[in-house]
Amino acid sequence: MRRKISVTEQNISSIPVSWLTVRYGQLKKQLRTTLTPELVQESTLIATYMAVHGKGLDEYYETMEQMELGIHQTKKQEYVPLVEELLEQYFLNVKRKRRLELDIETMHKQYAIPAVTASYSGMSGGGGSNSPIESEYIRKEQRITVKQLEILELEVEIENMDRALARLSQEQNDLIQKRYLVRDQPFDYKVIDEMHYNRQKYYQLKHSALSKIATVLNLI
């Protein structure tokens, strides 16, 4: 079966989960630049199908991430750099989500004209074309929809790491926050000084935190 197969209501039940995962990833990327009813409908169909059949999108994205990274079950000695990479991506995802939310808020304020566009309905003549104001409003709504879809996708990825971080102790969480979830990640020795730990305690705590995250995310 080819990875570029289009998913429909008629064939979705016969497509393996792994291929649905790949297809959803393709749609996710396409929707960031091209918004069409067909792409939106297909991505919604896949997400709904997975939810109804007990495959939450968190499992869905974990599978996709592993396939894209070329891993099936990461060996224990390999999980540390992978968890560190996922923490960095988590930090970027949170920032991106906040930026998108601010963009949407700004766009709503700039283009708050539904009442105005309504007054133009039916004034474009028999050709059925939209007025310039209506067309601009439609384009605005399309841009907002694309941003909202990206936010939903980011929320799934963020939720995975949120779930893992929630399993950490307060000490472990503090360490992860100070070491990884900042714009400019500091060296270990700086975090050791900031937290007033000796080196042995710091590295034991760091190892246990990364190990717990990897376990929750099914990386080890």
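The values are calculated or read from the model by the stated rules, or taken from the named source; none is laboratory data. On a predicted model such as this, the values are computed, not experimentally measured, just so you know. Note: ideal-geometry Cβ built from the backbone for every residue, glycine included; neighbour counts use all protein chains shown. Calculation scope for accessible area: heavy atoms of the full protein, side chains included, ligands and nucleic acids excluded. Shrake-Rupley method; radii C 1.70, N 1.55, O 1.52, S 1.80 Å.
Going by what's in this entry, would ARG139 be described as more than 23 Å from ARG183 (Cβ to Cβ), under 15 Å from the mean Cα position of the chain (by Cα) and at pLDDT 70 or above?
Working: more than 23 Å from ARG183 (Cβ to Cβ): yes; under 15 Å from the mean Cα position of the chain (by Cα): no; at pLDDT 70 or above: yes.
Judged against the criteria, ARG139 is not a match.
Which pairs have Cβ atoms under 9 Å, sit 6 or more apart or on different chains, and link a residue in the stretch 98-111 that is open to solvent by 90 Å² or more (accessible area, probe 1.4 Å) to one that is of a type in the set (D, E, K, R)? Note: pairs meeting the criteria are GLN110/LYS140.
If a residue has to be in a helix (DSSP H, G or I), open to solvent by 50 Å² or more (accessible area, probe 1.4 Å), modelled with pLDDT under 80 and among the β-branched types (Val, Ile, Thr) to count, how many in the stretch 1-47 make the cut? Result for the stretch 1-47: 1.
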